[in-house]
1. Within segment 11-52, which residues are under 17 Å from residue 98 (Cα atoms), under 19 Å from the mean Cα position of the chain (by Cα) and aliphatic (A, V, I, L, M)?
2. Select, from 119, 97, the only residue that is of a type in the set (A, V, I, L, M), under 28 Å from residue 54 (Cα atoms) and out of contact with any Ser or Thr (no Cβ under 9 Å at 6 or more places or on another chain).
3. Only one of these is in contact (Cβ under 8 Å) with a residue 60 or more places away in the chain and either in contact with a helix residue (DSSP H, G or I) (Cβ under 9 Å, 6 or more places away or on another chain) or open to solvent by less than 40 Å² (accessible area, probe 1.4 Å) (or both): 93, 101, 86, 51. Name it.
4. Among what's in segment 204-258 and is in a helix (DSSP H, G or I) and charged (D, E, K, R), pick the residue that is least open to solvent (accessible area, probe 1.4 Å).
5. Where residues in segment 133-151 are under 16 Å from residue 118 (Cα atoms) and open to solvent by 30 Å² or more (accessible area, probe 1.4 Å), which of them is nearest to the chain's Cα centre (by Cα)?
6. I'd like to check something: does segment 166-182 contain any residue that is open to solvent by 60 Å² or more (accessible area, probe 1.4 Å), of a type in the set (S, T, N, Q) and over 22 Å from residue 230 (Cβ atoms)?
7. State yes or no: is residue 266 part of a loop (DSSP other than H, G, I, E, B), farther than 27 Å from residue 20 by Cα and not hydroxyl-bearing (Ser, Thr, Tyr)?
Amino acid sequence: MKLAFSTLGVPGVPVSEVVRLAAGHGYHGVELRAHPEEPVHPGIGSAERDRVAAEFKAAGVEILGIAGYVKVAAPGDDGPVLDEIRDLLDLARDLGAPFVRVFPGGDPDGGQSTEEADAVAARRLGTAAEDAADRGVRVLLETHDSHRTGADVIRVLGPVGHRNVGALWDVMHTWLGGEQPAESYAALSPFLGYVQVKDIASAEDTTPLPLGAGALPLGECLDVLTRKEWDGWLCWEYEKRWYETTAPLPELLTAGREHLTRLLNEAA
């Protein structure tokens with residue numbers, strides 16, 4: 001499996017430094033958080049996109065994915081949601097990234113039923129699938145918020161039934177949703193794009209911790225993936241942006257890579 005980290009862990013850091021960190025700490029790729037406060041987002045022009053792609057290529061580091069914030073199940077008109085997905089797809093195509101991440105974002109507290117949220121998300125992703133195929137990119141629905149388990153996500157992806165729409169397995173959210181790793185993998189495996197790993201102290205305290213220092217069953221997750229001969233990407237999403245007092249990610253990167261490598265070797 002290839003290893004990456006998300007720029008959510010190094011908020012606002014210039015592209016050149018992100019590339020240096022990945023190459024210097026032995027990571028194969030980087031997931032780019034596509035937000036206006038970051039150096040890379042859909043608002044940057046073609047020249048900047050070319051420069052970013054060239055920097056990564058020169059260092060031999062891949063751009064794994066573009067992590068957007070579109071909420072595909074959210075109530076409202078389809079048009080703005082689909083436009084935002086297209087913008088992310090264009091950015092991914094221009095940077096050579098194979099994946100775009102989207103969130104479910106259903107609104108049960110606002111009265112939206114589970115069935116409504118599923119139908120809205122499936123309709124929008126079904127439309128976006130053709131745009132994704134045209135650009136050679138896959139849209140991945142993350143296990144998150146209103147659809148945090150594998151069982152939740154496949155209710156949407158099953159009806160879509162398109163190879164350019166898949167799943168992103170965030171191991172924290174499936175665990176918080178009460179799913180065992182084997183159950184999550186069984187649900188998501190036909191659709192799985194890549195896996196986000198992380199660690200936290202407990203279900204009540206989701207402050208990010210160094211990999212291996214918390215409660216998440218990372219070893220069990222990697223054991224399942226290894227036994228099933230899955231050979232995709234593991235991406236460490238360290239949520240530094242939301243927890244500013246946590247340890248800086250750069251000083252944790254080498255130990256994190258070593259921990260994942262050790263777990264993979266044990267699973268093998």
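The values are calculated or read from the model by the stated rules, or taken from the named source; none is laboratory data. Source: prediction; values computed, not measured. Positions of Cβ are generated from backbone atoms using ideal geometry, with glycine treated the same way; all protein chains shown enter the neighbour counts. Heavy atoms of the whole protein, side chains included, go into the accessibility calculation; ligands, DNA and RNA do not. Shrake-Rupley method; radii C 1.70, N 1.55, O 1.52, S 1.80 Å.
1. Within segment 11-52, 30, 32, 34, 40 meet the criteria.
2. On inspection, the qualifying residue turns out to be 97.
3. Details: 93 fails: in contact (Cβ under 8 Å) with a residue 60 or more places away in the chain; 86 fails: in contact (Cβ under 8 Å) with a residue 60 or more places away in the chain; 51 fails: in contact (Cβ under 8 Å) with a residue 60 or more places away in the chain.
The match here is 101.
4. Here the answer is 240.
5. 144
6. Within segment 166-182, not a single residue is open to solvent by 60 Å² or more (accessible area, probe 1.4 Å), of a type in the set (S, T, N, Q) and over 22 Å from residue 230 (Cβ atoms).
7. The answer is no for residue 266.
Residue by residue, here is whether (1) in contact (Cβ under 8 Å) with a residue 12 or more places away in the chain; (2) among the polar types (S, T, N, Q); (3) closer than 16 Å to residue 168 by Cβ holds:
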| site | (1), (2), (3) |
| --- | --- |
| 188 | yes, no, yes |
| 192 | yes, no, yes |
| 197 | yes, no, yes |
| 202 | yes, yes, no |
| 211 | yes, no, no |
| 214 | yes, no, no |
| 218 | yes, no, no |
| 228 | yes, no, no |
